[in-house]
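Colleague: Encoded as structure tokens, here's the structure I'll be asking about.
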Amino acid sequence: MTCTIRLITVDDAAAFKAFRLKSLREAPDAFHSTPEEWDHPLSEIERRIETDRCFGTFCAEGNLIGIAILARSARPLRQMRHKCELWAVFVDERARGAGLARRLVETCISEAITLGYEAILLTASSHLSPVVKLYQDLGFVIYGTELGMVKLMDGRVIDDHLMELRLV
């Protein structure tokens, strides 16, 4: 599968929003947000794209098949700006197994280093073993587990591993 990973621009806002909503519908147990919480006007999505570093995996036909957000806005306080967060990593089910999630995360790690961050933080649903293993393989370590971090609409409760990658 020939794919390109690049920064998402405001020109991609509609596709980015649609793909993010798809990820939230298809994998509610993997994310903190709900589709309703991300169903904003495009102007808000464009603001997110301009503030954070949103990366997309685009296939040869130009379709968006994966996303990851290096959330620079997650830690706005001066004494916390040395760390950023990784959010919303998702690859379309039909494109899984080709290493695209790994490439997306590696791209975010490289970007964080370029931007001078000292660490990347993320949360990963503890029951998603392949996801946790991917992050661990890339050097992230679990430094805690928040029990009952997410309570889904159907009543299921999800624990999240708190993970960090030190860059310096």
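The values are calculated or read from the model by the stated rules, or taken from the named source; none is laboratory data. Since the structure is predicted, the reported quantities are computational estimates derived from the model, not experimental observations. Glycine gets a Cβ as well: all are built from the backbone with ideal geometry, and neighbour counts include every protein chain shown. The area values use the complete protein model at the heavy-atom level, side chains included, leaving out ligands, DNA and RNA. Shrake-Rupley method; radii C 1.70, N 1.55, O 1.52, S 1.80 Å.
Colleague: Scan the stretch 142-168 for residues that are more than 27 Å from L115 (Cβ to Cβ) and either touching a Gly at 6+ places or on another chain (Cβ under 9 Å) or outside any strand (DSSP E or B) (or both) and report the count.
Modeller: Number of matching residues: 8.
Colleague: Under 7 Å by Cβ, and 6 or more places apart or on different chains, what pairs join a residue from the stretch 84-107 that is at positive phi with one that is small (G, A, S)?
Modeller: A88/S23; A88/A68
Colleague: Something else: For the stretch 117-133, state whether one or more residues are in contact with a Lys or Arg (Cβ under 7 Å, 6 or more places away or on another chain), touching a residue at least 24 places away in the same chain (Cβ under 8 Å) and open to solvent by 40 Å² or more (accessible area, probe 1.4 Å).
Modeller: Yes, the stretch 117-133 contains a residue that is in contact with a Lys or Arg (Cβ under 7 Å, 6 or more places away or on another chain), touching a residue at least 24 places away in the same chain (Cβ under 8 Å) and open to solvent by 40 Å² or more (accessible area, probe 1.4 Å).
Colleague: Could I ask something else about it? Within the stretch 12-35, how many residues are farther than 20 Å from S125 by Cβ, exposed (fewer than 14 other Cβ atoms within 10 Å of the Cβ) and in contact with a helix residue (DSSP H, G or I) (Cβ under 9 Å, 6 or more places away or on another chain)? Break it down stepwise before answering.
Modeller: Within the stretch 12-35, the first condition is being farther than 20 Å from S125 by Cβ, and the residues that meet it are 12-18.
Filter once more, so that each one left must be exposed (fewer than 14 other Cβ atoms within 10 Å of the Cβ): 14, 18.
Going one step further and asking which of them are in contact with a helix residue (DSSP H, G or I) (Cβ under 9 Å, 6 or more places away or on another chain), we end up with 14.
Matching residues across the stretch 12-35 total 1.
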